[in-house]
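The values are calculated or read from the model by the stated rules, or taken from the named source; none is laboratory data. None of the values given here were measured: they were computed from a predicted structure. A quick note on method: Cβ atoms are made from the backbone with ideal geometry, for glycine too, and the neighbour counts reach across all protein chains shown.
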């Protein structure tokens with residue numbers, strides 16, 4: 001059975017970035033092979049489990065998932081149905097980081113290759129993340145200590161500097177992307193506070 005844990009290597013000849021690159025390629029390949037039905041079911045289950053995490057939230061930062069990621073459409077719909085403000089990341093001027101409110105019924109558009117779909121805007125500025133009571137972050141894998149393997153651009157590692165200290169960051173992954181072995185970690189990598197999968201969720205250390 002495939003799992004990220006089986007891919008983690010202790011090869012001392014690999015530096016951190018090389019090890020992360022190999023893991024990213026393996027996870028992306030496996031994600032691309034998942035069926036549309038599995039992705040749909042994953043998105044629905046994630047929304048159900050997330051309802052417990054956002055029970056007291058007034059504003060939540062999330063993201064519009066790309067086709068091979070665990071779906072976040074049902075989660076976004078759930079947040080809207082509860083009257084929770086939804087912040088989605090957008091690409092600001094000059095590739096800067098920004099956030100915008102996504103309103104019920106609002107459109108999403110892919111504005112740059114490799115970027116997730118974005119709302120129309122307007123951009124609220126990078127510090128808008130301080131409004132969020134919970135931050136859901138994308139990941140390719142996450143380990144039991146909360147080390148997150150991102151896409152490689154460092155966008156979330158930089159943007160999370162602006163969240164409130166009391167707002168938990170929760171990574172969303174498929175269940176077999178939770179790694180029992182320590183993932184490679186660079187000095188700038190930020191850990192997450194919790195993990196959400198189609199099978200359930202948990203906070204790091206619990």
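Restricting attention to the stretch 90-129, and to residues there that are within 20 Å of residue 191 (Cα to Cα) and surrounded by 12 or more Cβ atoms within 10 Å (Cβ to Cβ), which single residue is modelled with the highest pLDDT? My answer is 129. Mind checking which residues of the stretch 185-206 are more than 25 Å from residue 162 (Cβ to Cβ), touching a helix residue (DSSP H, G or I) at 6+ places or on another chain (Cβ under 9 Å) and part of a loop (DSSP other than H, G, I, E, B)? Answer for the stretch 185-206, where residues must be more than 25 Å from residue 162 (Cβ to Cβ), touching a helix residue (DSSP H, G or I) at 6+ places or on another chain (Cβ under 9 Å) and part of a loop (DSSP other than H, G, I, E, B): 198, 199.
Report whether or not residue 6 is modelled with pLDDT under 90 and assigned to a helix (DSSP H, G or I). For residue 6, the condition - modelled with pLDDT under 90 and assigned to a helix (DSSP H, G or I) - is met. Residues in the stretch 136-162 that are touching a helix residue (DSSP H, G or I) at 6+ places or on another chain (Cβ under 7 Å), more than 21 Å from residue 39 (Cα to Cα) and modelled with pLDDT of 95 or more: there are none. The number of residues in the stretch 130-166 that are farther than 21 Å from residue 187 by Cβ and without any contact (Cβ under 8 Å) to a residue 40 or more places away in the chain comes to 3. Here residue 171 passes the criteria (1) crowded, with 20+ Cβ neighbours inside 10 Å; (2) in contact (Cβ under 8 Å) with a residue 40 or more places away in the chain except the one numbered (2). Taken over the stretch 90-100, residues that are under 16 Å from residue 137 (Cα atoms) and touching a strand residue (DSSP E or B) at 6+ places or on another chain (Cβ under 6 Å) amount to 4.
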